[in-house]
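I have placed the structure first, in the form of structure tokens, so that the comments after it can refer back to it.
The values are calculated or read from the model by the stated rules, or taken from the named source; none is laboratory data. Keep in mind the model is a prediction, meaning the values are calculated, not measured. Positions of Cβ are generated from backbone atoms using ideal geometry, with glycine treated the same way; all protein chains shown enter the neighbour counts.
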């Protein structure tokens with residue numbers, strides 16, 4: 001388990017101090033895919049680089065399996081880092097090395113015997129679907145293939161944790177989807193805990209089990225993805241999760257409702273039910289729902305007639321059919 005306690009990172013400069021992170025406390029459970037989202041400058045990348053001490057915190061603790069890595073020796077830190085793999089937005093491959101040689105590099109640094117390293121490289125290239133590209137150089141690979149090599153390299157030392165800093169932001173949507181599927185496979189089959197830093201909501205929706213929302217160097221809220229995405233509490237989470245919804249509800253009146261779909265499978269035809277069973281016509285102002293692992297998540301904004309009796313009839317119908325609705329933004 002990774003635990004952050006009162007983590008603060010301040011960058012000094014001639015113009016004054018810049019607070020990148022302030023008093024961050026989080027728990028990242030073993031086996032989870034933990035997303036960290038926020039606007040540019042919120043502190044996401046600084047946070048992930050503090051997890052393996054690529055950035056040393058100004059104050060606070062970073063506990064890896066109960067051990068505070070901000071207080072260990074350089075030698076011990078090197079040992080702990082072998083349990084933490086990392087992949088980057090721009091791949092960071094060595095251009096003069098083949099795909100296989102890139103994957104082998106951390107094994108060479110760890111002085112793993114040649115035959116053992118060779119076998120490990122073959123296993124990892126097979127895992128990421130690039131066995132046939134073992135002898136290709138980075139210049140001969142597509143962006144998605146480069147990221148797969150980077151993932152294989154990050155897994156070379158058999159880490160318990162994998163840190164992903166905007167790992168898909170340089171990729172097209174189709175390639176992004178294939179990389180996310182690979183990360184899900186790694187989490188599922190290898191049991192690796194994955195921390196995903198991203199500004200793309202679809203990444204969190206696709207693979208994350210838990211999420212923390214950063215805002216101006218602080219944690220605005222954190223929790224299970226389905227809870228944060230269905231019932232965002234902070235203004236920044238609402239802006240990130242349902243930005244179009246906020247605009248559609250501007251100047252909301254009592255006859256507008258936000259329906260919340262938060263994973264409970266339901267075959268209830270809500271809109272037609274309101275019309276046919278209650279005689280209440282509902283106008284759909286906004287809808288953003290999707291199926292994730294067989295469950296429905298998302299939001300819908302409907303406008304009801306001005307008549308108070310019809311509004312109450314609609315609310316009673318929704319309650320009776322276990323449809324969660326909100327009257328506030």
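For residue 168, the criteria (1) touching a helix residue (DSSP H, G or I) at 6+ places or on another chain (Cβ under 7 Å); (2) within 22 Å of residue 1 (Cα to Cα) hold in every case but one, which is (2). For residue 181, the criteria (1) under 16 Å from residue 85 (Cβ atoms); (2) out of contact with any helix residue (DSSP H, G or I) (no Cβ under 8 Å at 6 or more places or on another chain) hold in every case but one, which is (1).
Criterion applied to 170, 150 was being part of a helix (DSSP H, G or I), in contact (Cβ under 8 Å) with a residue 60 or more places away in the chain and under 14 Å from residue 89 (Cβ atoms), and the one residue passing it is 150. Filtered by the rule that a residue be under 20 Å from residue 129 (Cβ atoms), touching a strand residue (DSSP E or B) at 6+ places or on another chain (Cβ under 8 Å) and surrounded by fewer than 20 Cβ atoms within 10 Å (Cβ to Cβ), region 187-209 gives a lone residue, 187.
Among the residues in region 81-97, are any modelled with pLDDT of 95 or more, crowded, with 17+ Cβ neighbours inside 10 Å and assigned to a helix (DSSP H, G or I)? No - not one qualifying residue is present in region 81-97.
One residue stands out among those in region 173-201 that are part of a loop (DSSP other than H, G, I, E, B) and modelled with pLDDT of 90 or more: the one that is nearest to residue 149 (Cα to Cα), which is 192. Within the set 63, 21, 4, 54, the sole residue that is over 24 Å from residue 224 (Cα atoms), surrounded by 12 or more Cβ atoms within 10 Å (Cβ to Cβ) and more than 15 Å from the chain's Cα centre (by Cα) turns out to be 54. All conditions but one from (1) touching a helix residue (DSSP H, G or I) at 6+ places or on another chain (Cβ under 9 Å); (2) in contact (Cβ under 8 Å) with a residue 40 or more places away in the chain; (3) surrounded by fewer than 21 Cβ atoms within 10 Å (Cβ to Cβ); (4) in a helix (DSSP H, G or I) apply to residue 236; the one that does not is (1). Taken over region 112-143, residues that are in a loop (DSSP other than H, G, I, E, B) and either without any contact (Cβ under 8 Å) to a residue 12 or more places away in the chain or within 29 Å of the chain's Cα centre (by Cα) (or both) amount to 7.
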